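Read the figures in this text as sums done on the coordinates, not as results from a lab. Since the model is a prediction, treat every value here as computed from it, not as a measurement. Here the Cβ positions follow ideal geometry from the backbone for every residue, glycine too, while neighbour counts run over all protein chains shown.
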Amino acid sequence: MGRFFLPPSPGRGPAAEDAYRELRDQAESFTGSCSNDRRIEQVECRRSGRDCTLRVGEEDTVDGRTVAAIIQLGRDTYTVHHMPAQLGEDVEPTVLQRTEIYSVTEFA
């Protein structure tokens, strides 16, 4: 388990916390569910008919975009947020259900 960070910066701090709160707000608006404080580093899951691992700071094996955050909402829903390709681009999160998740690893 690694230390929590939010790409593109490798560290923590007020700016990273504010950005993370914005992603949580986006996840809540998108799904209509409340997020929790769990800081997720990676999930092993089934997506697009194949098994994969999604890890913060690494490329998504399905679409090649960098994973910025993984947020749990309620007990059964997860959102995967990606870095935008261009500054200001609005990127909708990928929604995964608990039935698609094999394992969850939290940041230390």
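The overall shape of the chain is rounded: from the C-alpha gyration tensor, with semi-axes ordered a ≥ b ≥ c, the ratio a/c is less than 1.5.
Per-residue packing, averaged as other Cβ atoms within 10 Å, sorts the ranges 52-59, 39-46 into the order 39-46, 52-59, beginning with the highest.
Packing-based ranking of 67-76, 27-36 yields 67-76, 27-36, ordered from highest to lowest mean Cβ neighbour count within 10 Å. When only the Cβ of Lys, Arg, Asp and Glu is charged (+1, +1, -1, -1), the dipole of segment 14-106 relative to its Cα centre reaches about 340 debye. Taking every alpha-carbon pair under 8 Å whose residues sit at least 6 apart, the chain reaches a relative contact order of 29 percent.
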